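Asks: Starting off with a structure, shown below.
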Amino acid sequence: MNLNLFDAEETHSWREELCPDAVVLRGFALAGEVDILSALEQVFSVAPLRHLVTPGGFRMSVAMSNCGTYGWVSDRTGYRYDTVDPDSGKPWPSMPALFSTLAADAATQAGFSDFKPDACLINRYAAGTRLSLHQDKDEQDFSQPIVSVSLGVPAIFLFGGTQRTDKTMRVKLTHGDVVVWGGAARLRYHGILPVKTDSHPLTGEYRINLTLRKAI
Ligand code: MD3
Ligand code: FE
């Protein structure tokens, strides 16, 4: 008889409100950690992680890939969501059902019902990798939340206001944490401080973040 660890594992998840409409569901993705990481390996075999170039010509230190109908891409012409992986000319790998289900469940927990993501951006951080303060504005409908899943080595998340110069708070995000950002929090500036050298049994020296969105 085959033990199903996903069903059998008892998982504890607890919530931390960061501000109105932003909630951290600590440990929410732990029950699915192995299945999420094996689904990611499948995605990377079709759409390898790569360093995109910003419109200004800088190579991003974060390595990225996508799954789902739409993938977020950046090049000298700008930022966009595209159905095609520019490196292969093929559609992005489809979104694993596990990802869409996890995101919808997390969104429901945070008070956003019927979340149906059509884009999953995968960010991989090595030691020293950072993501500077920015807003997520490339999606069509800002009434839709964004769900983020943190895996592997921890990172300090910077969370500001709706102006770049607003005071920021720092939040440590660790393996298995899921954050839901919607409503009044949706257009807040945010970023990731340079990731410290560390390792995690399941991801090695990396932090991996999934952001699930309704792009179109
Ligand atoms: C707050 N990624 O891909 S996820 C991004 O950890 C991005 O890789 C970070 O910011 C990462 O755009 C942060 C958390 C996150 C995502 C979207 C947000 C926070 C957000 C949208 C609005 C406010
Ligand atoms: Fe962002």
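Asks: Name the pairs: first residue in region 165-189 and free of Cβ contacts under 8 Å to residues at least 40 places away in the same chain and part of a loop (DSSP other than H, G, I, E, B), second residue aliphatic (A, V, I, L, M) and within 16 Å of ligand 2 (Cβ to nearest atom), Cβ to Cβ under 7 Å, at least 6 apart or on different chains?
Replies: Matching pairs, first to second residue: Thr168/Leu158.
Asks: Something else about it: Has region 197-212 got at least one residue that is assigned to a loop (DSSP other than H, G, I, E, B), within 13 Å of ligand 2 (Cβ to nearest atom), within 23 Å of Pro20 (Cβ to Cβ) and open to solvent by less than 30 Å² (accessible area, probe 1.4 Å)? Show your work before the answer.
Replies: We begin by selecting, within region 197-212, every residue assigned to a loop (DSSP other than H, G, I, E, B); these are 197-199, 201-203, 205-206.
Filter again for within 13 Å of ligand 2 (Cβ to nearest atom), leaving none.
Checking region 197-212: not a single residue is assigned to a loop (DSSP other than H, G, I, E, B), within 13 Å of ligand 2 (Cβ to nearest atom), within 23 Å of Pro20 (Cβ to Cβ) and open to solvent by less than 30 Å² (accessible area, probe 1.4 Å).
Asks: Scan region 34-45 and give yes if some residue there is closer than 28 Å to Thr168 by Cα, touching a residue at least 60 places away in the same chain (Cβ under 8 Å) and out of contact with any helix residue (DSSP H, G or I) (no Cβ under 8 Å at 6 or more places or on another chain), otherwise no. Give the steps one after another, and end with the answer.
Replies: Residues of region 34-45 that are closer than 28 Å to Thr168 by Cα, as a first pass: none.
No, the conditions are met nowhere in region 34-45.
Asks: Which one of these does Asp82 not meet: (1) touching a helix residue (DSSP H, G or I) at 6+ places or on another chain (Cβ under 9 Å); (2) without any contact (Cβ under 8 Å) to a residue 40 or more places away in the chain?
Replies: It is condition (1) that Asp82 fails.
Asks: Tell me, yes or no, whether region 114-137 has at least one residue that is more than 16 Å from ligand 1 (Cβ to nearest atom) and open to solvent by 30 Å² or more (accessible area, probe 1.4 Å). Lay out the reasoning, then the answer.
Replies: If we filter region 114-137 for residues that are more than 16 Å from ligand 1 (Cβ to nearest atom), which is where we start, we get 114, 116.
Adding the requirement that they be open to solvent by 30 Å² or more (accessible area, probe 1.4 Å) leaves 114, 116.
Checked against the condition, which is being more than 16 Å from ligand 1 (Cβ to nearest atom) and open to solvent by 30 Å² or more (accessible area, probe 1.4 Å), region 114-137 yields at least one hit.
Asks: For region 1-113, list the strands (runs of 3 or more DSSP E) that sit wholly inside it and hold at least 2 residues that are surrounded by 12 or more Cβ atoms within 10 Å (Cβ to Cβ) and in contact with a Ser or Thr (Cβ under 9 Å, 6 or more places away or on another chain); which are they? Steps first, please.
Replies: Values: elements: 14-19, 22-26, 63-67, 71-75, 78-82.
Of the strands (runs of 3 or more DSSP E) lying wholly inside region 1-113, those with at least 2 residues that are surrounded by 12 or more Cβ atoms within 10 Å (Cβ to Cβ) and in contact with a Ser or Thr (Cβ under 9 Å, 6 or more places away or on another chain) span 22-26, 63-67, 71-75, 78-82.
Asks: With the requirement that a residue be assigned to a loop (DSSP other than H, G, I, E, B) and either farther than 15 Å from Ala215 by Cα or within 16 Å of ligand 2 (Cβ to nearest atom) (or both), what does region 115-138 give you? Working first, answer last.
Replies: Narrowing region 115-138 to residues assigned to a loop (DSSP other than H, G, I, E, B): 115-118, 126-130, 135-138.
Those that are assigned to a loop (DSSP other than H, G, I, E, B) and either farther than 15 Å from Ala215 by Cα or within 16 Å of ligand 2 (Cβ to nearest atom) (or both): Pro117, Ala126, Ala127, Gly128, Thr129, Arg130, Gln135, Asp136, Lys137, Asp138.
Asks: Something else: Only residues that are over 26 Å from Arg80 (Cβ atoms) and open to solvent by 10 Å² or more (accessible area, probe 1.4 Å): list them for region 172-183, please.
Replies: Lys172, Thr174, His175
Asks: Turning to a different aspect of this structure: Evaluate region 138-151: report whether one residue or more is under 22 Å from Pro55 (Cα atoms), more than 10 Å from ligand 1 (Cβ to nearest atom) and open to solvent by 30 Å² or more (accessible area, probe 1.4 Å).
Replies: Step one: filter region 138-151 for residues under 22 Å from Pro55 (Cα atoms), giving 138-140.
Now restrict to residues that are more than 10 Å from ligand 1 (Cβ to nearest atom): 140.
Those left that are additionally open to solvent by 30 Å² or more (accessible area, probe 1.4 Å): 140.
Yes.
Asks: A further question follows. Can you tell me which residues in region 146-164 are outside any strand (DSSP E or B) and within 13 Å of ligand 2 (Cβ to nearest atom)? Spell out how you get there, then give the answer.
Replies: As a first pass, look at region 146-164 and keep what is outside any strand (DSSP E or B): 153-154, 160-164.
If the condition is that a residue be outside any strand (DSSP E or B) and within 13 Å of ligand 2 (Cβ to nearest atom), then Gly160 is the only one that fits.
Asks: Filter region 184-196 down to residues that are within 14 Å of ligand 1 (Cβ to nearest atom) and among the basic types (Lys, Arg) and give me whichever is most open to solvent (accessible area, probe 1.4 Å).
Replies: Restricting attention to region 184-196, the residues satisfying the condition of being within 14 Å of ligand 1 (Cβ to nearest atom) are 184-195.
If we keep only those that are among the basic types (Lys, Arg) as well, we get 186, 188.
Details: Arg186: 10, Arg188: 63 Å².
Step by step, filter region 184-196, then rank; the result is Arg188.
The values are calculated or read from the model by the stated rules, or taken from the named source; none is laboratory data. Every value quoted in this text rests on a predicted model; they were computed, and no experiment measured them. For neighbour counting, all protein chains shown are included, and Cβ atoms are generated from backbone atoms with ideal geometry for every residue, glycine included. For accessibility, only protein heavy atoms count, side chains too; no ligands or nucleic acids. Shrake-Rupley method; radii C 1.70, N 1.55, O 1.52, S 1.80 Å.
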